[in-house]
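Worksheet: the structure to be examined is printed underneath.
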Amino acid sequence: MIRVRVAGGVLLVAHLALVAWITLRPLDVPWVRPANLHPFAGIRADLALGWQEAARRIGERLALLAPLGVLLPMAGGRLVVSPLASLARTVTAGSLISLGIELLQTGVPGQVVDIDAVLLNTTGVALAHLLVVPAARLRLRRRAASRSRTALPREEPSQGRTPTIPRVGMAP
């Protein structure tokens, strides 16, 4: 199980570094669209561009933080946990990370705040968690149970004779 935690932690750090590089680098653009602080306004604007362009733009925002839905529980390393509690923890962490990215973008030239990005990133985290984590935990629990059944019970090794102190008699 420690291997899963270490792999999850390493992949989580690598993914967050990639996300930071993608979202927090300055853009050299001639103009910047205004900040979107109205929920679903950006999604409606994307849908007005046609289904192909809308699918690309919405899909990008869904997929950006979706790996966190798997990597956060993987780094936690818990096998026996309430599915609802795990989903709540993961979605909360994903939404806070998304919100942090949006807040950091306010200081980056060419990047603007978009509340729809927070909503879509959080939805991506939730979908990835629901699609992968319960099945993966079930598989890992079954594998652990089958290993414990096939392993021979260990007997404690003999520690030798009980030590005695010479010239001390038995109590009456």
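Points to keep in mind about this one:
- Contact map, segment 4-22: residues that are more than 17 Å from VAL108 (Cα to Cα) paired with residues that are open to solvent by 70 Å² or more (accessible area, probe 1.4 Å) and among the β-branched types (Val, Ile, Thr), Cβ distance under 7 Å, separation 6+ or inter-chain. No pairs are found.
- Residue in segment 64-73 that is at pLDDT 95 or above, farther than 24 Å from VAL6 by Cβ and within 16 Å of the chain's Cα centre (by Cα) present: yes
- Any chance ARG78 is among the charged types (D, E, K, R), open to solvent by 60 Å² or more (accessible area, probe 1.4 Å) and not in a helix (DSSP H, G or I): yes
- Of the criteria (1) at pLDDT 70 or above; (2) within 25 Å of MET1 (Cβ to Cβ); (3) open to solvent by less than 100 Å² (accessible area, probe 1.4 Å), which one ARG149 fails: (3)
- Of the set (1) assigned to a helix (DSSP H, G or I); (2) under 29 Å from ALA136 (Cα atoms); (3) open to solvent by 70 Å² or more (accessible area, probe 1.4 Å), all apply to GLY59 but (3).
- Among residues of segment 87-121, those that are without any contact (Cβ under 8 Å) to a residue 40 or more places away in the chain and either part of a helix (DSSP H, G or I) or open to solvent by less than 30 Å² (accessible area, probe 1.4 Å) (or both), counted: 14
- Residue match in segment 33-56 (condition: within 30 Å of ILE2 (Cα to Cα), open to solvent by 40 Å² or more (accessible area, probe 1.4 Å) and in a helix (DSSP H, G or I)): no
- Filter result for the condition that a residue is free of Cβ contacts under 8 Å to residues at least 24 places away in the same chain and basic (Lys, Arg), over ARG141, ARG149: ARG149
The values are calculated or read from the model by the stated rules, or taken from the named source; none is laboratory data. All figures in this text were calculated on a predicted structure; none of them were measured in a lab. Positions of Cβ are backbone-derived with ideal geometry, glycine not excepted, and every protein chain shown enters the neighbour counts. Just the protein is used for accessible areas: all its heavy atoms, side chains included, with ligands, DNA and RNA removed. Shrake-Rupley method; radii C 1.70, N 1.55, O 1.52, S 1.80 Å.
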